[in-house]
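Written out below as structure tokens is the structure these notes cover.
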Amino acid sequence: MADLYGTDEQAETVLQTTGAEESALLADEAGMEEPPLVTFESLGLSAPVLQAVKDLGFESPTPIQEHAIPVMIAGRDLIGQAQTGTGKTAAFALPVLSAINAEERVIQALVLEPTRELALQSAESFQGFARHIEDFRVAPIYGGASYETQIRSLKHGAQVVVGTPGRVIDLIERGKLDLSHLTHVVLDEADEMLRMGFIEDVEWILSRLPEKRQTALFSATMPEPIRRVAVEYLQDPEEVRIESRITPATTVHQRYWVVANAHKVDAMTRILEVENYDAVLVFVRTKTDAEDVATKLQARGLACAALHGDIPQRQREKIVERLKNGSLDIIIATDVAARGLDVDRITHVFNYDVPYDAESYVHRIGRTGRAGRSGEAVLFVTPRERRALRQIERVTRQRIEPLRMPTAADVNKRRLENFRSQIMETIEAGGLEEYQEVVSELLSDDSLEPETLAAALAKMAQRGSALLIDENAPDYLPQHGGFEERRFRERRVPSAQPAPLREFPDMKMVRYRVAVGRRDGVKPGQIVGAIANEAGMESKYIGEICIFDTFSTVDLPDGMPEETQEILAQARICGRSMDLRVYTAEPPRRPRRDFGSYKPADYLADDEGEEPEYRHEPGDINGNSINYQPGQMQPRGPQSHGPRFPRPASHRRSLDFGSSRRPPRVATRRSFGAPASIRRRDGY
Ligand code: AMP
């Protein structure tokens, strides 16, 4: 383990050797040593939890799980330095579930999350992992949704509460959240809570919890205020930090592509249509995924097979043999099943799912570029996994390039080339005499042109599927799928033109001005936090944010209800009111100062000549907030979802998202906001 506050440079992965060591499928001839395999069974989890893990198709613990679970099972406090995508939710949920007593209908564990999306996701994970624990209940509680439903779910006797700090405090103050029997607390994404200005809320909660409890703190980074919280509220914590300095072979060309889960198969088949490949290894997370992806690729006519731990060893060996001898080109494998797999003809490795850590990324892509050949590695990342990509680049100290998705025209060009070469090969192979006779006979009929005959034969050869794809059809796989780099605007006065949302490029946006800027010390997270929590808006709808010296701009979907605008105009950040208003690129009309020092030029001096400090990339607030399913997007229409808009501003407590002091708590607070299920498609 790295020491508690070690720097990145000090960090090394230390892998425990507890647990059974499964024999590798095949010897690793290249000498790339893999860590011994640790099983879930060796971690001390309860039987129902183990059964759930098995049902979910998890083959082996991820590094953070392998190290964090035994510490938590032993009852120690824990600092887990891990981010989304590493399997950290299970790292705390599994030991918590193994420890709680489901027969007792009292709250035994509290998990704090920075956003409602994360609170919901974690609550869902708990429910999934607790599927074999009878009478288990988890209550998600978060701002912007009805109190009644949440209070009801608490009354039903939840043993675990997953919530955002603001709502947790509300319910404590209303006497609806009894945490006196609490034995476990998890602070998830602590650095995000800090960025969103919630850390004092977290401390407020921690200071009111029973002293005798286990506390686990998970954070991707360890900024000073988080260290301070750890020192103050954790007792003799064990730190688990997963990082390594292992570097991929330089013979592997690495590219990434940002893609929603729903489009991964299409993206992969399109890439494979255009690239020259020999054999391909595709890595997925679970056995179920391996089967699913294999079935989908087979349906698209690709010669592939799944390889995972549930397939008997004999059969697995056969599959690998077929890949070696070329009777099979594509294997969809879990990390465990692919251990030691060494096949020289692998030209491409697809990380269909992001690996759990940089080390397993290196192991995965090391399956290609062997024996002096070059190899290609493609990494699929969903928008919420952006940080995992950066982490891999940072640890491996290598840049992963954005991939250029082949267009329909590229695919067609390739298909025509293949078609032509198939014809030439068939001619070269000979044995055409029998057919030539038939063709001559057909052509003796003067009404039949040779081109028409050849075209008809070509169509027959296609067996009903089109040779070319429609180049004019709308393409949902954009050519450039990389995350945009940070670009700074050169214009002196910022433009009033909003930038499109990356996930919903067709959504009409409006640029707003927020009266808090760099001089006030505002951070993008505070703006996102204020809007997300006050307007009850998912952060995926919050667009570009630019911070200037004295003000900031933020792009939000068009059609903001007046009440929401009022609420946002009054919400406070860094001790100042946001004063949200549509940005016009004109100096704002401020009330004339009485003492006559006001000159219009003051405004210009404020707003001109500034460079924005930061661009918020939607979903960037915690790398977690986007669950993008383009298929589910609907064109914006009249507000037909019957939304419940934020209640009038007069009922609200004034929240300050950046002040150093917690505002006083008022008993009646935000009861506005539609539950996620009836939220409008534009986030309002
Ligand atoms: P998280 O980092 O908690 O957001 O988890 C990322 C994803 O990995 C989730 O979809 C989990 O269901 C999945 N996952 C977590 N642990 C494992 C495991 N040991 N094996 C396979 N998948 C896992």
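The values are calculated or read from the model by the stated rules, or taken from the named source; none is laboratory data. The shown structure was predicted, so the numbers you read here are calculated from the model rather than taken from an experiment. Virtual Cβ from ideal backbone geometry, glycine too; neighbours counted across all protein chains shown. Surface areas here come from the heavy atoms of the whole protein model, side chains and all, with no ligands, DNA or RNA. Shrake-Rupley method; radii C 1.70, N 1.55, O 1.52, S 1.80 Å.
A few comments on the model shown:
Table: residues versus (1) open to solvent by 10 Å² or more (accessible area, probe 1.4 Å); (2) within 6 Å of the ligand (Cβ to nearest atom); (3) part of a helix (DSSP H, G or I).
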| site | (1), (2), (3) |
| --- | --- |
| G57 | no, no, no |
| R76 | yes, no, no |
| T86 | yes, yes, no |
| F92 | no, no, yes |
| L97 | no, no, yes |
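- The listed residues are Q313, Q298, and the only one of them that is over 27 Å from A388 (Cβ atoms) and in contact with a Cys (Cβ under 8 Å, 6 or more places away or on another chain) turns out to be Q298.
- Meets criteria (more than 29 Å from R386 (Cα to Cα), away from the ligand (no atom under 11 Å from the Cβ), open to solvent by 40 Å² or more (accessible area, probe 1.4 Å) and modelled with pLDDT under 80) for T7: no
- Pairs where the first residue, in the range 221-242, is part of a loop (DSSP other than H, G, I, E, B) and the second is hydrophobic (A, V, I, L, M, F, W, C) and open to solvent by 40 Å² or more (accessible area, probe 1.4 Å), C-beta under 8 Å, 6+ apart: P223/L194; P237/L4
- Residue list for the range 282-307, filter: surrounded by fewer than 17 Cβ atoms within 10 Å (Cβ to Cβ), under 25 Å from the mean Cα position of the chain (by Cα) and more than 14 Å from the ligand (Cβ to nearest atom): T295
- Some residue of the range 530-537 being assigned to a loop (DSSP other than H, G, I, E, B), in contact (Cβ under 8 Å) with a residue 24 or more places away in the chain, touching a helix residue (DSSP H, G or I) at 6+ places or on another chain (Cβ under 7 Å) and open to solvent by 20 Å² or more (accessible area, probe 1.4 Å): no
- Exactly one residue out of V320, V362 is part of a helix (DSSP H, G or I), touching a Pro at 6+ places or on another chain (Cβ under 6 Å), open to solvent by less than 10 Å² (accessible area, probe 1.4 Å) and aliphatic (A, V, I, L, M), and it is V362.
- Selected residue (criterion: farthest from M405 (Cα to Cα)) from residues of the range 365-381 that are at pLDDT 90 or above and either open to solvent by 10 Å² or more (accessible area, probe 1.4 Å) or in a strand (DSSP E or B) (or both): G375
- Matching residues in the range 59-74 - criterion: being in a loop (DSSP other than H, G, I, E, B) and within 12 Å of the ligand (Cβ to nearest atom): E59, S60, P61, T62
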